[in-house]
Amino acid sequence: SVTAENDPRQVIIAESNPLIVFEDIPRILWGDLHGHSQFSDGTGTPEDYFGYARDVAGLDVAALTDHDHWGMRFLDQNEEMWTESQETAREFNEPGRFVALAGYEWTSWLHGHRHVLYFEDESPIFSSMDPNYATPEQLWKALENHIAISVAHHSAGGPVSTNWDFLPDAHIEPVTEVVSVHGSSEAPDSPRVIYDPVDGNFVRDALGKGVPFGFVGSGDSHDGHPGLSQLASPNGGLAAIFSEQKSREGVLEALRARRTYATNGPRIWLRMSLDGHPMGARLPPASTDTQQLQYSVAGTAPIDRIDLVHSGHVVGSFPGKGQREASGTLDIPALESGGYVYVRVVQVDGGAAWSSPIHAR
């Protein structure tokens, strides 16, 4: 990181996020894929939302996802609001500078909440209140004709948990939101667990059912602070997206390939690989007894520990020794079919990051 101080007569000190300089290093785009405006139960206009995300929070990617049927007025009953939301995303979308996505939150109080992200300019709302789109399967069927994905959020608990009896296809729902202002839905042993958690409903439980999710975080901000939702909450959420193209096409390709990781707000730098394959990869079961895992971390605060999660269990925890950087190479038991492995980084200040799992098919 870099610390800068201005005129010594003034006490203003700023510290950058970690700056990593290597040859051929993959590019990270920082995104917040979930948030609200006054078009449902948030504050500010869509223009305020995208302007803050780009110019204040310094995000590379942002999506506005107001509720389909929740708030003061309902998006699914006010076509002019949905039209303005899409038009504003189109106006702010500037490939190479900033990626703006239109979307909405499918707000089912029976099956859980999912945000729908569109990577095209004009698309419909498939409302959770419409009996034709009242189940996740009906929603996914409708989205097949569009350039779109869905993302489940606050899936383990409050305000409503996800019904994991409906397991998504990896193409339409390649990633899941493990952390937001509501807390972490990763696992019961996660830092800052979501409120009102439901036993057996964590993301790790869904992984155990064979769903090959990648991980993202996002804010679910309602106060006009996309990208910095942790300013008003103990938790926030960000998606780190590995994409050389800062465009809708590049972001969608990276999400579907699960080249992502999650943080609860801080811009922690994280890399993880297994036998040279990057996070998010789906591999055939290994023909050897062990595989080699490598990780590298640069934190925004001293690192408390790095946890290794292997097929449902924390199998190792390595102290950060008060340092902001850590790396290691580990020989781990080979992944069997349906198995997975990921790392979780926890800082002393409560900041955390989760790599996307590497899965064995």
Subject >> Selection from the range 170-204 of residues that are in contact (Cβ under 8 Å) with a residue 40 or more places away in the chain, part of a loop (DSSP other than H, G, I, E, B) and of a type in the set (V, I, T) >> reply: V181, I194, V198
**OP:** Sort out which residues of the range 270-285 are within 17 Å of the chain's Cα centre (by Cα) and of a type in the set (K, R), and write them in order of number.
**Re:** R271
**OP:** Scan the range 212-223 for residues that are open to solvent by 10 Å² or more (accessible area, probe 1.4 Å) and closer than 19 Å to A254 by Cβ and report the count.
**Re:** 1
Subject >> Cβ-Cβ under 7 Å pairs, at least 6 apart or on other chains, the range 324-347 side closer than 18 Å to N264 by Cα, far side open to solvent by less than 10 Å² (accessible area, probe 1.4 Å) and aromatic (F, W, Y) >> reply: Y342/W354; R344/W354
**OP:** Look through the range 224-244, keep the residues that are within 21 Å of S40 (Cβ to Cβ) and among the hydroxyl-bearing types (S, T, Y), and return whichever of them is surrounded by the fewest Cβ atoms within 10 Å (Cβ to Cβ).
**Re:** S233
Subject >> Residue list for the range 97-151, restricted to those being within 20 Å of N78 (Cβ to Cβ) and among the charged types (D, E, K, R) >> reply: E105, D121, E122, D130
**OP:** Look through S233, S243 and report the one residue that is touching a Gly at 6+ places or on another chain (Cβ under 7 Å) and in contact (Cβ under 8 Å) with a residue 12 or more places away in the chain.
**Re:** S243
Subject >> Tabulated pairs, the range 246-263, first under 13 Å from G31 (Cβ atoms), second open to solvent by 10 Å² or more (accessible area, probe 1.4 Å) and in a strand (DSSP E or B), C-beta under 6 angstrom, 6+ apart or interchain >> reply: A254/F242; R259/F242
**OP:** Kindly establish whether P234 is farther than 19 Å from P191 by Cα, at pLDDT below 95, part of a loop (DSSP other than H, G, I, E, B) and out of contact with any helix residue (DSSP H, G or I) (no Cβ under 8 Å at 6 or more places or on another chain).
**Re:** no
Original post:
Is it the case that some residue within the range 161-173 is over 21 Å from L33 (Cα atoms) and in contact with a Leu (Cβ under 6 Å, 6 or more places away or on another chain)?
Top reply: no
Original post:
For the range 237-259, does any single residue satisfy the condition of being over 27 Å from A281 (Cα atoms), at pLDDT 95 or above and in a loop (DSSP other than H, G, I, E, B)?
Top reply: no
Original post:
For the range 171-211, what are the residues that are open to solvent by 30 Å² or more (accessible area, probe 1.4 Å) and under 23 Å from M272 (Cβ atoms)?
Top reply: P188, D189, R192, V193, D205, G208, K209, G210
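The values are calculated or read from the model by the stated rules, or taken from the named source; none is laboratory data. Computed from a prediction, not measured in an experiment: that's the story for all the values here. Reconstructed Cβ throughout: ideal geometry from the backbone, glycine too, with neighbour counts over all protein chains shown. All accessible areas refer to the heavy atoms of the entire protein, side chains included, with ligands and DNA or RNA removed. Shrake-Rupley method; radii C 1.70, N 1.55, O 1.52, S 1.80 Å.
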